[in-house]
Structures are given as structure tokens and as C-alpha cells.
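Notes follow the structure.
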Ligand code: SF4
């Protein structure tokens, strides 16, 4: 296919069509970030973006013609099978159409860095070519958003943008500086409020564990304080994991930064939730998160969310260790999965083996989850 795609998208956009408006991250300095380190930022021209949209449209038209020839008005399973047999290159867009063809995600890390007028033209062109599209979302840096005016953001909304995903990570200023995030907590708040004022939906990501063992309390408290001021539509939880090649690993190797263990992460999450006062929908939708069932509408579900964390913290040591293994190795999705005796015993066996080998479970799991980074 003759169009570009970037390396990542949020889990909630896994089924979206991707349109790349620029390449990689214009900042690319955050110590903890694994994504773009060896990739250079570059801008894409409006013409390049339009050409990609036209290629996508051509691909969609081809898929639709398969459906029509088979006597269908929509892309169903039979059409997918036919496309797979004859033109497997079209399968990605065929699946997108099969799922309704309504969601688009603009890549890469900071679409707002593009001139607002040009981005707005790209959005309008996208909507012209794909009139059924209802949701267009993107990643953007707070620093970049904070330099835009409400009217510029409103122009993007009028052109079709619906939601902005922002990696806040933390609201604690010394930590933002240490991690070289390139933005202050105040700028993050202003950016979040601007997005909301323009009528766009706002999804903020926070990174549990980012304060390590030293700043976890400040990280939890300031992040809760800043998010309470922004009151975004969504708060998405992520968990810090580091591997070789990521700058933060050097600080870990030097003993300067100490990673949280799973119990520490749960205590941090509890402190964060206790101090959060907002109306956001909270989601824990990432494989690296310890507690996926932390999901609900604030403020009503706050007792439930805290109850989930307490349920984990109140388990006896051995049971918590069993859960950590099962969750991190992919045997458990939720704490309730421990009720499956087969899986529970498998994790007990593994725990015993680690103990016999004298291997520290937290270190074992830290190594294991690097594959997800
Ligand atoms: S701004 Fe985002 S994408 Fe860029 S380096 Fe930082 S975390 Fe990574």
C-alpha cells in the first residue's frame, strides 16, 4: 500500500485507520520513552498527507468493489475472505471498513506541531474522502497545545478532530524536569483546559511508577492535584517499564533511580485515587498495568476503584506474589482469575521454583515485562 504509518497508537485506537501527519516526536528527549529514540522527527507536507488519504481512499474503493461484485452493500466476512485470497495488501483497510470505518487516528507523537491551518485542511480533506468517519483523534504534547489559541483548536474541531490524547505522565514539576519531559505542570493544566474549552474530548495518560521509590508520594499527590484542575474526559493509567537503550536505564544501572515494585505501585495508585477530585472516566487499559479492573466513572466509582486496590493490598503476601506472577506472565487478567485452581497452582509451582533457585521475584518480573516495552 502506498501510504505511511507510524509505530504506535493508543490501545483504544487499535481498530482505527491511521493517517500520518508527521513522523516521530519533535521533542524526543523524555528519559523514560522507548518509542522514537532512534527515529528522527520530520514534518510531512499537506500534499504528502493528501496523497496518503487518496491512496487510502483508492484502497477502500477497491474493497468496496469486491463487496458490490459479490452482491453485498457492506464489507462482511465473505468479502474479507475474498480480499484476503486476492489482494491481501488491502486486508487492513478491509477490516477497518468491516468494523464500520468510522474511526481515524492521526500519527505520530504530536500532530499539533503542524500549522493549524494546514492540519485543518488535512482534516477537512480526510472527511471529504471518508464522509462516514465520525471520530478523529490524535496524540499531542501539552507544550505544543499550550502555544495554540482556543480559536485554532476550535478550527481543528470544526474540521473534524474529536479527541486529543495527551501524555501527562506526572504533575510533579521536579519529576517532569528530571525526566526531561519539556513541559511544566502549569503548562499541562493550561493545555488541558484549552482543549476542553475548544470542545474537544481530552484523554490524559499518567505513568505509575515514574517517581520510582524516592518520589512516589509527590508524584501521586501532584498528579492528582493537576488532573483535578484539568478534569479531563478520560484518565488512562500506564506503568513505567524500562529496558536497555532507554536513557532511564542508565540511571537505574547507576543506582540513581530505583524502580517501584508491584506493591509500591499499588500504594501509589491508592494515594493518587484518594486525592483525585474530578469527573473523568478512568481506564487501566495496558498490559503493563498491575490492576486492569481499575476502571470506572469518577466521582461515583471512586469507592469501587479504591476497593480494587485495597483488595490487592489486603491479600496475604503469598497470594499477592501469586497474583503478580499470573498477571505479569499473562495467566491472569483480573484478580478473580486466581479462583481458577489450575492457573493458581501453576503460579504456585513457578513461585516455588523461583524460591528454590533463590531468585528474587520482583527482579524476575522486571526482566520479564521488558518484552512488552
Ligand atoms: S513527548 Fe512523548 S513521544 Fe516524545 S519523547 Fe516524550 S514521551 Fe516520547
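The values are calculated or read from the model by the stated rules, or taken from the named source; none is laboratory data. It should be emphasised that the depicted structure is a prediction, and the values quoted were computed from it without experimental measurement. Here Cβ is always computed from backbone atoms with ideal geometry, including for glycine, and neighbour counts include all displayed protein chains.
When the range 199-214 is filtered for residues that are out of contact with any strand residue (DSSP E or B) (no Cβ under 9 Å at 6 or more places or on another chain) and either more than 24 Å from residue 248 (Cβ to Cβ) or surrounded by fewer than 18 Cβ atoms within 10 Å (Cβ to Cβ) (or both), the ones remaining, listed by number, are 199, 213, 214.
Inside the range 355-373, residues that are touching a residue at least 12 places away in the same chain (Cβ under 8 Å) and under 21 Å from residue 316 (Cβ atoms) make up a count of 3. Please specify each residue of the range 78-114 satisfying the condition of being within 16 Å of the ligand (Cβ to nearest atom) and free of Cβ contacts under 8 Å to residues at least 60 places away in the same chain. Answer for the range 78-114, where residues must be within 16 Å of the ligand (Cβ to nearest atom) and free of Cβ contacts under 8 Å to residues at least 60 places away in the same chain: just 112. The residues listed here are 50, 40; of these, the one that is touching a residue at least 12 places away in the same chain (Cβ under 8 Å) and not in a helix (DSSP H, G or I) is 40. Number of residues in the range 14-35 that are within 30 Å of residue 133 (Cα to Cα) and more than 6 Å from the ligand (Cβ to nearest atom): the value is 12. Scan the range 119-127 and give yes if some residue there is part of a loop (DSSP other than H, G, I, E, B) and in the same structural domain as residue 168 (by TED's automatic domain parsing), otherwise no. No, the range 119-127 contains no residue that is part of a loop (DSSP other than H, G, I, E, B) and in the same structural domain as residue 168 (by TED's automatic domain parsing).
Conditions tested, residue by residue: (1) closer than 20 Å to residue 192 by Cβ; (2) not in a loop (DSSP other than H, G, I, E, B).
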| position | (1), (2) |
| --- | --- |
| 217 | no, yes |
| 232 | yes, no |
| 242 | no, no |
| 251 | no, yes |
| 264 | no, yes |
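Note on the range 163-181: among residues that are more than 19 Å from the chain's Cα centre (by Cα) and part of a loop (DSSP other than H, G, I, E, B), the one that is nearest to residue 249 (Cα to Cα) is 180. Scanning the range 182-198 for residues that are assigned to a loop (DSSP other than H, G, I, E, B) and without any contact (Cβ under 8 Å) to a residue 40 or more places away in the chain yields one hit, 184. From the list 306, 288, the one residue that fits, being in the same structural domain as residue 189 (by TED's automatic domain parsing), in a helix (DSSP H, G or I) and surrounded by fewer than 22 Cβ atoms within 10 Å (Cβ to Cβ), is 306.
Among the residues of the range 328-347, just one is surrounded by 11 or more Cβ atoms within 10 Å (Cβ to Cβ) and over 32 Å from the mean Cα position of the chain (by Cα), namely 345. Restricted to the range 132-162, and to residues there that are crowded, with 20+ Cβ neighbours inside 10 Å and in a strand (DSSP E or B), the residue that is nearest to the chain's Cα centre (by Cα) is 139.
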